[in-house]
Structure formats: C-alpha cells, structure tokens
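This structure is in structure tokens; I'll ask about it shortly.
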Amino acid sequence: MKLGAFAALRVGIMLLPEGAKFWMPWVIILALVNVVYGAFIASVQTDFKYVIGFSSVSHMGLVMLGFATLDSQGLLGAGLQMFSHGVMTALFFAVVGMVYDQAHTREIPKLGGFRKMMPLVTLAFIIGGLVSMGMPGFSGFIAEFPIFVGLWNGQPAWVWNSYTWIAIVASISIVITASYIIRIIQKVFFGAVPDEFEGHIHDVTVLDKIALVFLSGILVALGVFPMLMVPWVQSGVNNIMRLLGGA
C-alpha cells in the first residue's frame, strides 16, 4: 500500500506538479469516499483479518487526502501516516496471527476471553486500536491531525471555496473506527471464553512478546516524541512545496 502512495507522490505530484494542481480537487473527493466507505465496510466484517484489511484501506485514504491538499501540513501528515500505518498494521496482523495460531479461526463471533490467556497480546491490540482511532499520545494522532489541518487550510476555487466540509465528513471515519475497534476488543479479548477453547489456549512465546513490545513501543514513542520523525518528513515536504511553488 505504501509503495502505491509513494508512486502517487513521486509521479503524480513531484513529476507532474501542474497536473496535480488541476486534478487534486477531484482526487480528494475520491479519497474521501475511500476513507468513509472503507471504515463502514470494516465495521461490518466478521473475519478478524478482514477487519484489519479494510481498516488499512480507510487509513490509506487519509494518506491520499493529505497528498491531495497540496498543503505542507497535509503532506507532512500523509508522510507520518504512511509510517504510522505500516507499524500499526504490522502490529494488528501479528495479533491476528497469534490469535489464529491458538484458536484456528478468525471468526469474531466464535472468539472471546483471550485477555485471560494472552494479556500482552490484548494490550498490544488496544495500543494499535488507540493508534487507529487517532488518540492523542499515539502516532495516529501525530499523523492524522496535520492531515485534517491541511484540509482545513485548503482553498480550492470551487466547492464552498474550502475543504472544511471534507475534513468534517472525513472525521466520521474516526467515530466508525472507534466503534469496530471497541467491538473487537470486547468480543475477542474480554467476555467469556468459549467452551471449546478451555484448556487449549496458551500464551504466546517470548519472541512473539518481544515483537509486540517493539512495534507497540514505536507507536507510543512517535506519539510522545513526534520530533523523532517530523524533521525527516518535513525536509521532504519542503522539496515538494518548492516544486508546487509554495515554498
């Protein structure tokens, strides 16, 4: 997914900046549909892995929204979101794999009570969920907030002379994301353990725990100390803005 976004940035914007200025108002509408529709589709999935997959579609729509603003804040947020989403998705799929390895099913209605057997896996998924929701103190907030600021600052020559309403509609995805993340946490990790899992579910290995702590640590560290990455991304954004005539 990130390779596609990088290609859109390098070819669609940096190689063809005038074309980007012409087409981006339309691209931003398509990206808005991507963000909201992807979140809705994720919310109705019953397969644990499919939820994460469609959630990724929605979050990558935010990357395209950031690109389409052609604003320094929006581009900064898009770059940070690409990194944050990559680590967050790795964490999510690791959790899904660990649960499937024990339960041999990804059907959410058939799961439950894994907090008792896999406490660290539960904590890792909650951290990933908070990142996905864009909660302050986590990398998701550091990435998504500049995107919405870039949308708020956008001034195209049409559609109410502002992207403000697009930012408002796109923020609906945050509420939808919170709804399905909370549903999964409640159903998969809390509640009663199904009878067929009693005595058959065990905690993950030490190596699995190290991987979970490492990925979770990156997401928390970037949220608490954004300057660990912001200057790197900002230097690239400055070059893009010069090509667009904005810096």
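Within segment 182-190, can one find any residue that is of a type in the set (K, R), over 17 Å from the mean Cα position of the chain (by Cα) and at pLDDT below 95? Before you say what the answer is, go through the steps one by one.
Of the residues in segment 182-190, the ones of a type in the set (K, R) are 183, 187.
Checking which are over 17 Å from the mean Cα position of the chain (by Cα) leaves us with 183, 187.
Imposing the further condition that a residue be at pLDDT below 95 reduces the set to 183, 187.
Yes: one or more hits.
Where the second residue is at pLDDT 85 or above and loosely packed, with under 15 Cβ neighbours inside 10 Å and the first is of a type in the set (A, V, I, L, M, F, W, C) and lies in segment 196-209, which pairs have Cβ atoms under 6 Å and are six or more apart or on separate chains?
Correct list of pairs: empty, since none qualify.
Between G97, G112, which is free of Cβ contacts under 8 Å to residues at least 60 places away in the same chain and within 17 Å of F197 (Cα to Cα)?
On the way: G112 fails: free of Cβ contacts under 8 Å to residues at least 60 places away in the same chain.
Testing whether each residue is free of Cβ contacts under 8 Å to residues at least 60 places away in the same chain and within 17 Å of F197 (Cα to Cα) leaves just G97.
Moving to a separate point now. For segment 121-144, indicate whether the set of residues that are touching a residue at least 60 places away in the same chain (Cβ under 8 Å), buried (at least 19 other Cβ atoms within 10 Å of the Cβ), in contact with a Pro (Cβ under 6 Å, 6 or more places away or on another chain) and small (G, A, S) is non-empty.
No.
Follow-up. Just the residues that are farther than 21 Å from A124 by Cβ and out of contact with any helix residue (DSSP H, G or I) (no Cβ under 9 Å at 6 or more places or on another chain), please, taken from segment 173-208.
A192, D195, E198, G199
Does G74 satisfy the condition of being buried (at least 24 other Cβ atoms within 10 Å of the Cβ) and within 25 Å of I147 (Cβ to Cβ)?
Yes; evaluated as a whole, the condition is true for this residue.
What do you reckon, is I218 outside any loop (DSSP other than H, G, I, E, B), closer than 14 Å to V99 by Cβ and under 19 Å from the mean Cα position of the chain (by Cα)? Break it down stepwise before answering.
Working: outside any loop (DSSP other than H, G, I, E, B): yes; closer than 14 Å to V99 by Cβ: no; under 19 Å from the mean Cα position of the chain (by Cα): yes.
So I218 fails the test.
Any residue that is of a type in the set (G, A, S), over 29 Å from R115 (Cβ atoms), modelled with pLDDT under 95 and exposed (fewer than 14 other Cβ atoms within 10 Å of the Cβ) - is there at least one of those in segment 214-235?
Yes, some residue in segment 214-235 is of a type in the set (G, A, S), over 29 Å from R115 (Cβ atoms), modelled with pLDDT under 95 and exposed (fewer than 14 other Cβ atoms within 10 Å of the Cβ).
Kindly evaluate V193 against the criterion of being without any contact (Cβ under 8 Å) to a residue 40 or more places away in the chain, under 27 Å from A42 (Cα atoms) and either surrounded by fewer than 13 Cβ atoms within 10 Å (Cβ to Cβ) or among the aliphatic types (A, V, I, L, M) (or both).
Numbers: without any contact (Cβ under 8 Å) to a residue 40 or more places away in the chain: no; under 27 Å from A42 (Cα atoms): yes; either surrounded by fewer than 13 Cβ atoms within 10 Å (Cβ to Cβ) or among the aliphatic types (A, V, I, L, M) (or both): yes.
Against the criterion (without any contact (Cβ under 8 Å) to a residue 40 or more places away in the chain, under 27 Å from A42 (Cα atoms) and either surrounded by fewer than 13 Cβ atoms within 10 Å (Cβ to Cβ) or among the aliphatic types (A, V, I, L, M) (or both)), V193 does not qualify.
Conditions (1) of a type in the set (F, W, Y); (2) closer than 22 Å to Y100 by Cα; (3) surrounded by 18 or more Cβ atoms within 10 Å (Cβ to Cβ), marked per residue:
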| position | (1), (2), (3) |
| --- | --- |
| E18 | no, no, no |
| F22 | yes, no, no |
| W26 | yes, no, no |
| L30 | no, no, no |
| G38 | no, no, yes |
| F48 | yes, yes, yes |
| V51 | no, yes, yes |
| F54 | yes, yes, yes |
| H59 | no, no, yes |
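For segment 194-215, how many residues meet the condition of being closer than 13 Å to Q102 by Cα and among the β-branched types (V, I, T)?
Residues flagged as closer than 13 Å to Q102 by Cα and among the β-branched types (V, I, T) within segment 194-215 amount to 3.
Any residue in segment 89-111 that is crowded, with 24+ Cβ neighbours inside 10 Å and closer than 18 Å to A39 by Cβ?
yes
The values are calculated or read from the model by the stated rules, or taken from the named source; none is laboratory data. Keep in mind that this is a model prediction, so the values were computed, not measured. So basically every Cβ, Gly included, is an ideal-geometry build from the backbone, and we count neighbours across all protein chains shown.
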